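**Q** Handing you this structure, nothing more for now.
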Amino acid sequence: MNVQGLLDKIEDTIESGSKLPLSGGKIAVDAEVIKQCVEDIRYDLPIEIEKAQEVVAHHNNLITKANNEASSIVSSAQTQADTIIAEAKEKAASIVATAETNANATVEAASEQARQMVENSEIARLAHEYSDRVRAQAVNEVEKMLGNARKEADSILVDATNQANDMRAKADKWATEIRSGAAEFVEDILKNSDEVLSSNIAEIRKARQSLFGSNR
């Protein structure tokens, strides 16, 4: 029989006791029954407390496991986010480098074409004017090419950063939900255990007061 059952038995024994005439409300009870119940309570109560402590320890382990899992999720998300950003930076740098290479090649080709035209042209002034126009056009094309490359690189970095931030946010949210769920679950268990122990102690005090009060 558990502690609650023993307390109920003590209460039943007290309630079923015979009132003593001219005793001011005192009753006669079976002292052996109550004594046995008290002995049983002394034996069972530490066992129930030990079980409650085991429940607390078990659910503390659950919280620790949940925290470790949440930390692992956040760490993994951070690693993936860093990888995405690094790859985006590498791709953007490659795009810019390629654009600069193409731009330099275009300028060199235009300059060479202009030089040859100046050298081979019978009308040097016209050749110079034409070569200047060729250079200016090449420079404009280069500026556009570099501008487009930088825009594309910036767009890639922005997209990668947004994706990494979203991944971090989701990981943090998931970790928070895991921690919160584990904490609430353990809190409920601890609350229930505390209520049971408090109820048992209150019943013991009530039984003791009834017993000692009835024998005075």
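The values are calculated or read from the model by the stated rules, or taken from the named source; none is laboratory data. As the structure is a prediction and not an experimental result, all values here were calculated from the model. Because the Cβ atoms are built from the backbone with ideal geometry, glycine has one as well, and the counts that use them run over all protein chains shown.
**Q** So is residue 216 modelled with pLDDT under 70, within 30 Å of residue 36 (Cβ to Cβ), of a type in the set (Lys, Arg) and loosely packed, with under 12 Cβ neighbours inside 10 Å or not?
**A** Yes.
**Q** Can you tell which of 33, 38, 55 is β-branched (Val, Ile, Thr), within 30 Å of the chain's Cα centre (by Cα), modelled with pLDDT of 75 or more and more than 30 Å from residue 169 (Cα to Cα)?
**A** Values: 33 fails: within 30 Å of the chain's Cα centre (by Cα); 38 fails: within 30 Å of the chain's Cα centre (by Cα).
Answer to the selection: 55.
**Q** Could you check region 70-106 and list, in sequence order, the residues that are of a type in the set (Ser, Thr, Tyr) and either under 22 Å from the mean Cα position of the chain (by Cα) or surrounded by 14 or more Cβ atoms within 10 Å (Cβ to Cβ) (or both)?
**A** The answer is 71, 72, 75, 76, 79, 83, 106.
**Q** Let me ask you something else. Is it true that some residue in region 2-12 is touching a residue at least 60 places away in the same chain (Cβ under 8 Å), polar (S, T, N, Q) and surrounded by 13 or more Cβ atoms within 10 Å (Cβ to Cβ)?
**A** yes
**Q** Tell me, which residue of region 154-179 that is farther than 23 Å from residue 71 by Cβ and hydrophobic (A, V, I, L, M, F, W, C) is farthest from the chain's Cα centre (by Cα)?
**A** Result: 156.
**Q** Also, I was wondering about something else. Quick one: what pairs do we get from region 85-98, first residue in contact (Cβ under 8 Å) with a residue 40 or more places away in the chain and assigned to a helix (DSSP H, G or I), second among the hydroxyl-bearing types (Ser, Thr, Tyr) and surrounded by 12 or more Cβ atoms within 10 Å (Cβ to Cβ), C-beta under 7 Å, 6+ apart or different chains?
**A** From residues that are in contact (Cβ under 8 Å) with a residue 40 or more places away in the chain and assigned to a helix (DSSP H, G or I), the pairs are 85/161.
**Q** While we're on this one: For residue 67, are the conditions met, namely being over 11 Å from the mean Cα position of the chain (by Cα), in contact (Cβ under 8 Å) with a residue 60 or more places away in the chain and closer than 30 Å to residue 168 by Cα?
**A** Criteria not met by residue 67.
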